[in-house]
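The values are calculated or read from the model by the stated rules, or taken from the named source; none is laboratory data. From a predicted model like this one, the values you see are computed outputs, not experimental measurements. Reconstructed Cβ throughout: ideal geometry from the backbone, glycine too, with neighbour counts over all protein chains shown. Note: accessible area is taken over every heavy atom of the protein model, side chains too, but ligands, DNA and RNA are not part of it. Shrake-Rupley method; radii C 1.70, N 1.55, O 1.52, S 1.80 Å.
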Amino acid sequence: METALRVRGLSIRKLQPQETPPYDLLLLADPSRELVNAYIAEGECYIAEEQNDSIGVFVMVPLTNGTVEIKNIAVREDKQGHGIGRKLLQEAIEIAKSNGYKSIEIGTGNSSIDQLALYQKCGFRISDIIKDFFVQYYDEVIMENGIQCKDMILLRMEI
């Protein structure tokens with residue numbers, strides 16, 4: 001899954017084995033460092049940089065039957081709302097296609113309204129709901145947009 005993308009000063013590259021993952025970004029999308037470490041070990045982490053400053057990240061993990069999952073995608077808070085998340089998703093889709101995957105999945109919380117909208121605008125469709133996922137796997141209550149995050153909304157795209 002090699003790539004390097006440059007868009008208006010934005011470059012996206014694969015995290016090198018000797019590099020420390022950008023936890024400040026990864027923990028924006030997933031508050032469990034333990035889970036983040038587990039899926040980084042299983043997949044590949046990509047970093048979006050602007051003038052050598054990390055501003056975005058995504059992690060892709062191969063599943064079975066020609067499917068890859070985006071396990072984490074985040075944009076630094078001061079850079080959100082500028083189309084960077086969409087660029088990260090588009091790059092992830094291109095990486096999946098170039099590596100022969102037939103479908104790509106992404107999951108988010110029921111309270112993640114902006115993310116649900118973005119994923120659907122990019123062509124993902126809701127495929128499943130895992131009830132009480134965030135209640136079962138996270139120790140602390142997660143609140144977002146005034147809504148308790150309880151259920152995992154899974155979205156899928158055939159590519």
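Filtered by the rule that a residue be under 18 Å from the mean Cα position of the chain (by Cα) and small (Gly, Ala, Ser), the range 124-152 gives a lone residue, Ser127.
Taking the criterion of being under 15 Å from the mean Cα position of the chain (by Cα), free of Cβ contacts under 8 Å to residues at least 40 places away in the same chain, open to solvent by less than 50 Å² (accessible area, probe 1.4 Å) and within 18 Å of Leu27 (Cβ to Cβ), the only residue of the range 72-111 that qualifies is Gly85. Only one entry in Ile55, Ile40 is under 13 Å from the mean Cα position of the chain (by Cα) and more than 15 Å from Ile106 (Cβ to Cβ), namely Ile40. Pairing residues of the range 14-27 that are more than 11 Å from Ile47 (Cα to Cα) and open to solvent by less than 100 Å² (accessible area, probe 1.4 Å) with residues that are part of a loop (DSSP other than H, G, I, E, B) and not charged (D, E, K, R), at Cβ distances under 7 Å and at least 6 apart in sequence or on separate chains, gives no pairs at all. Evaluated against (1) farther than 18 Å from Arg13 by Cβ; (2) of a type in the set (A, V, I, L, M); (3) free of Cβ contacts under 8 Å to residues at least 40 places away in the same chain, Val59 falls short on exactly one condition, (1).
Answer with yes or no whether Leu116 is buried (at least 16 other Cβ atoms within 10 Å of the Cβ) and farther than 27 Å from Arg13 by Cβ. Yes, satisfied. Of all the residues in the range 123-158, those that are surrounded by fewer than 15 Cβ atoms within 10 Å (Cβ to Cβ), among the β-branched types (Val, Ile, Thr) and either modelled with pLDDT under 95 or not in a strand (DSSP E or B) (or both) number 2.
With respect to the stated conditions, Asp30 fails to be surrounded by fewer than 21 Cβ atoms within 10 Å (Cβ to Cβ), free of Cβ contacts under 8 Å to residues at least 12 places away in the same chain, farther than 19 Å from Gly123 by Cα and of a type outside the set (A, V, I, L, M).
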